[in-house]
Amino acid sequence: MEKIQQIIDLLDHHIDDIDFAKSNISKIENEIERKKNNIWRASELEKSIKKNERNVYLEFLYSFIIVGLILYLIF
């Protein structure tokens, strides 16, 4: 009877270890998903920055052309 109890205790211990491992795996999976989301956000931010840079260059070009036309009309 004592051997059976030892086996049961060992099984309980292993079950606890498995539950702990599952919990850790779940935490790691959540962390991976969070990091994937952060990478996606960074990628979207980079796209937005590039688009804004292009818009700034275009606005500068348009402003330069308008100033040039005004100076042409004045002189």
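With all protein chains kept in place, the per residue accessible area of the range 16-75 amounts to 98 square angstrom at a probe of 1.4 angstrom. Remark: the range 49-59, residue by residue, has Karplus-estimated 3J(HN,Hα) of 5, 4, 5, 5, 4, 4, 5, 5, 4, 5, 4 Hz, where x stands for each Gly or Pro and the curve is 6.51 cos²θ - 1.76 cosθ + 1.60 at θ = phi - 60°. A simple spin-label model places pseudo-atoms 7 Å from Cα toward Cβ; at residue 11 and residue 60 they are separated by 7.4 nm. Over 19 Å, how big is the tail of the calculated P(r) for the chain, in percent of all Cα pairs? Percentage above 19 Å: 70.
Protein heavy-atom surface of the chain, 1.4 angstrom probe: 66% of the accessible area is carbon and sulfur, with nucleic acids and ligands not counted.
The values are calculated or read from the model by the stated rules, or taken from the named source; none is laboratory data. Bear in mind the structure is a predicted one, so any value in this text is a computation, not a measurement. Please note: Cβ atoms are built from the backbone with ideal geometry, for glycine as well, and neighbour counts cover all protein chains shown. Note: accessible area is taken over every heavy atom of the protein model, side chains too, but ligands, DNA and RNA are not part of it. Shrake-Rupley method; radii C 1.70, N 1.55, O 1.52, S 1.80 Å.
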